[in-house]
Amino acid sequence: MSEPLVLVADDGPVRTITLNRPAALNSFTAVMHGQLLAALNAAAADEGVRCVVLTGAGRGFCAGQDLNDEGMGGDGQPGDVEGIVERLYKPLALRIRDMPVPVLAMVNGVAAGAGANIALGCDMVIAARSASFIQAFSKIGLVPDGGGTWLLPRLVGRAQAIGLAMTGDKLSAEDAANMGMIWRCVDDAALRDTTLALANKLAAMPSRALAHTRRIMDSALLMDFGQALSQEARVQGEMSRAGDFAEGVAAFLQKRAPVFKDR
Ligand code: T3D
């Protein structure tokens, strides 16, 4: 049997999903897309999972689309690139953005093309100091995808977003952290422990409120101030009727650690 292209491992409430094509820097094939989406769907459906960590096997995180995969134009034919982006990358980016629990990208090495943008679409990105981010699209005559056109200007502002996308230059993890593109850059040796400590902390927090925090912050970007305030009131009402709020307040008053269960 062939090696799975996506590995799944649980450590208590934290599920780590590892892209597993290290010889090709974990670049995306259609088959790996299918396995990754299935793994994310399974994590979303599993009540025991309270945080997901996405990472790559070997020395890279993900080099984007596998340029050798079928339909990539290697045979001189243009292929159905529009279909690949619509049918494979769009559902993947939406799935990550709609997970019922926090999703962390643990960027262990280079993240290029759609590999960079799939990482940036996660809730928090922790990168090893040796890692890098490359908007590689322009070098092969493409435009950013995987959500890059939406994510990049929001993360780093238009000037940096356009500069990164047009030049395709490699950005170090340290520079990415300094410009606010990612949450943290840490020494390589500390990447795993730092990420898992954060994942466990988030797993013990109220998952439902965290997932709604992501959702309403994203949608507030498209609203005026009044609309955002109304959205906060509506969702706060919803949260206040859930079990986690009652538990959070009770635990505070009783001076004990809360046990959150909602998802
Ligand atoms: O359908 C569509 O096309 C639309 C969707 C597009 C989404 C995209 O992601 S487009 C962007 C695609 N990605 C790239 O253009 C990046 C290509 N890769 C690179 O530029 C470099 O590999 C890196 C800068 C990422 C890393 O460089 P380096 O020197 O550390 O590693 P390397 O030697 O280039 O790569 C190691 C191996 O991985 C090598 O294979 P080999 O020679 O050892 O057998 C290389 O060919 C392979 N590899 C790296 N990236 C890809 C890849 N194989 C297939 N596809 C790749 N994207």
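What spacing in nm lies between the two simple spin-label points modelled at Ser240 and Ile140, each 7 Å away from Cα in the Cβ direction?
Rounded to a tenth, the inter-label distance reads 5.2 nm.
Could you identify which residue out of Val49, Val107, Val31 has the top mean-square fluctuation in a GNM of the chain using Cα springs shorter than 10 Å?
Val31
Tell me, Kirkwood radius of the stretch 174-227 from alpha-carbon pair distances, in Å?
13.6 Å
Say each of Leu37 and Ala189 gets a label point 7 Å from the Cα, pointing the same way as Cα to Cβ; how far apart are those two points in nm?
The modelled label-to-label distance comes out at 4.2 nm.
Apply 1/(1 + (r/R0)^6) to the Cβ-Cβ distance of Ala159 and Ala204, taking R0 = 30 Å, and write down the FRET efficiency to the nearest 0.05.
In this case the efficiency is close to 0.20.
Assuming 1.306 mPa s and 10 °C, estimate D for the stretch 91-169 with Stokes-Einstein, Rh taken as the Kirkwood radius over Cα pairs, in µm²/s.
Answer, rounded: 125 µm²/s.
Among Ser138, Ser207, which comes first, second and so on when ranked by fewest other beta-carbon atoms within 10 Å? Don't skip to the end; give the middle numbers.
Working: Ser138 15, Ser207 24.
In increasing order of surrounding Cβ atoms, one gets Ser138, Ser207.
Any number yet on Rg/Rh for the stretch 207-253, C-alpha, Kirkwood?
On the Cα set of the stretch 207-253, Rg over Rh gives 1.06.
Please report, in whole Å, how far the alpha carbons of the stretch 142-263 spread along each principal axis, starting with the longest.
Between the extreme Cα coordinates on each principal axis of the stretch 142-263 lie 55, 43, 21 Å.
Please rank His33, His212, fewest neighbouring Cβ atoms within 10 Å first, as an exposure proxy. Don't skip to the answer; put the middle values down first.
Details: His33 21, His212 17.
With the fewest neighbours first, His33, His212 line up as His212, His33.
Pick from Ala63, Ala204, Ala127 the residue whose mean-square fluctuation is largest in a GNM of the chain, springs joining Cα atoms under 10 Å.
Checking each option, the largest mean-square fluctuation is seen for Ala204.
Using the charge dipole of the chain (Lys, Arg: +1 at Cβ; Asp, Glu: -1 at Cβ; taken about the Cα centre), state which of Ala228, Gln77, Met124 has its Cα farthest towards the positive end.
Of the listed residues, the answer is Ala228.
Per residue of the chain, what 222 nm ellipticity follows from adding -39500 (n - 2.57) for every DSSP H run with n ≥ 4, rounded to the nearest 500?
That calculation yields -13000 deg cm²/dmol at 222 nm.
Which distance in nm do the two modelled labels at Asp80 and Val259 give, with both placed 7 Å along the Cα-to-Cβ direction?
According to this spin-label approximation, the distance is 5.1 nm.
In the chain, with Lys and Arg counted as +1 and Asp and Glu as -1 at Cβ, which of these residues, Gly157, Ile17, Pro91, has the Cα nearest the positive end of the dipole, that is, farthest along it?
Farthest towards the positive pole: Gly157.
On a full-extension model of 0.36 nm per residue, what is the gain between Lys90 and Ala233, subtracting their alpha-carbon distance, rounded to one decimal in nm?
In short, 48.4 nm is gained.
Please report Thr213, Thr195, Thr55 as a ranked list, fewest other C-beta atoms within 10 angstrom at the top and most at the bottom.
Going from sparsest to densest Cβ surroundings: Thr213, Thr55, Thr195.
Treating only the Cβ atoms of Lys and Arg (+1) and Asp and Glu (-1) as charged, compute the dipole magnitude of the chain about its Cα centre; round to the nearest 20 debye.
760 debye
Straight distance only, please: which lysines reach the Cα of Lys255 with their own Cα at less than 22 Å, same-chain residues fewer than 8 apart left out?
Partners found: Lys201.
Out of Ala233, Ala114, Ala199, any idea which swings most in a Gaussian network model of the chain, alpha carbons joined below 10 Å?
Greatest mean-square fluctuation among the candidates belongs to Ala233.
Can you give the alpha-carbon Rg of the stretch 123-201 over 2.2 N^0.38 Å, where N counts its residues?
Output field value: 1.16.
Given the Cα atoms of the chain, and with Rh set as the inverse mean 1/r over their pairs in the Kirkwood sense, what is Rg to Rh to two decimals?
Across the chain, the Cα-based Rg/Rh ratio is 0.99.
With unit charges on the beta carbon (Lys/Arg positive, Asp/Glu negative), name the residue among Ser2, Leu40, Asn178 whose Cα is farthest towards the positive pole of the charge dipole of the chain.
Asn178
Please compute the length gained on full extension between Glu70 and Asp10, using 0.36 nm multiplied by the number of residues separating them and subtracting their Cα-Cα distance.
Additional length available on full extension: 18.3 nm.
Below 12 Å, Cα to Cα, which aspartates and glutamates can Lys139 reach? Residues fewer than 8 away in the same chain don't count.
Those aspartates and glutamates meeting the cut-off are Asp169.
Read the figures in this text as sums done on the coordinates, not as results from a lab. What you see is a predicted model; the values in this text were computed from it and never measured. Every residue, glycine as well, gets a Cβ built from its backbone with ideal geometry; the counts of neighbours run over all protein chains shown.
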